[in-house]
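Here's the structure, in structure tokens; my notes come after.
The values are calculated or read from the model by the stated rules, or taken from the named source; none is laboratory data. All figures in this text were calculated on a predicted structure; none of them were measured in a lab. Cβ atoms come from the backbone with ideal geometry, glycine included; neighbour counts cover every protein chain shown. Surface areas here come from the heavy atoms of the whole protein model, side chains and all, with no ligands, DNA or RNA. Shrake-Rupley method; radii C 1.70, N 1.55, O 1.52, S 1.80 Å.
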Amino acid sequence: MLHTIPNATIKRLALYRRCFIELYDKGIKRVQSGELSQRIGVDSATIRRDFSYLGELGRQGYGYEVRTVLEAFNNLLKTEETQHAVIIGIGNLGRALLNYFSSDKFNDLIFKTPVDLIAAFDIKESLVGQQIGNLEVHHLSGLKAYIEKHQITYVILTVPPAAAQKVANSLEGLGIKGILNLSSTVINVAEDIRVHEVDLNMELETLFFYVLQKEQGKK
């Protein structure tokens, strides 16, 4: 079903799901598209059009049942078909992510993601064997064997920029489907691997540009 959804809509799906998770967590049972628009900054017409790809989820004048929409997202993401992931690079960011994904929140069926983070890797001997959150840190030298044994399909990359491309190259041909690259540098990989680049500094700069644009528009 996802192959029929426009890329622009796909980029908003995670935002919608996060919003509905927050609504569910607050005990809110139903929400109107106008209320969603105010929460996430997407116009109501776009929200209704995007949701049409998920099926008949809402009714005019009634809105959307929060739990029903979350179940639709879970069906779309096939959360019952868990994909295994590892994180590579256990610096400050990697450590924070390990603790975050080990929280009880991710054991709830409503909040469940289709990707299960099961191990961490680093080259520092002092980190190897440590348990951070619920996961053990392994030496990077054992990455290939671990990926093959545990059928890893996704990788979160939090290594220093200088090491990112070398690590990315080592992942090719191992069945990896996607890489979440948080290493603050662009990496190039084989076409069969999808890379999602997230540079926190660039995101902050983008925020500054938006604010400056808004301020200059008022002058």
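Ellipticity at 222 nm from helices only: DSSP H runs of n ≥ 4 in the chain, each -39500 (n - 2.57), divided by the residue count, give -13000 deg cm²/dmol. Gain on full extension, evaluated as 0.36 nm per residue between D192 and S141 minus their Cα-Cα distance, stands at 16.0 nm. Projected label points at V211 and R18, each 7 Å from Cα along the beta carbon direction, are separated by 1.8 nanometres. Roll a 1.4 angstrom probe over the protein heavy atoms and tell me the percent of accessible area of the chain that is carbon or sulfur. The value for the chain is 52 percent carbon and sulfur by accessible area. In summary, the convex hull built on the alpha carbon positions of the chain has an orientation-averaged projected area of 14.5 nm².
In the structure shown, the pairs K124/K144; K144/K177; K78/K144; K124/K166; K11/K214; K78/K177 are assessed against 19 Å; a Cα-Cα span above that value is assigned to K78/K144; K11/K214. A simple spin-label model places pseudo-atoms 7 Å from Cα toward Cβ; at Y100 and K177 they are separated by 2.2 nm.
Taking label points 7 Å from Cα along the Cα-to-Cβ direction, T68 and S37 give a separation of 2.1 nm. Taking every Cα-Cα distance in region 91-200 and sorting them into 10 Å bins from zero, the calculated P(r) comes out as 13, 46, 36, 5 percent. Note on the chain: with charges restricted to the Cβ of Lys and Arg (+1) and Asp and Glu (-1), its dipole about the Cα centre is near 660 debye. Cα-based radius of gyration for region 27-76, normalised by 2.2 N^0.38 Å, reads 1.05. Find the accessible area per residue for region 164-219; the probe is 1.4 Å, ligands and nucleic acids are left out, and the unit is Å². Spelled out: the 1.4 Å probe surface of region 164-219, per residue, equals 75 Å².
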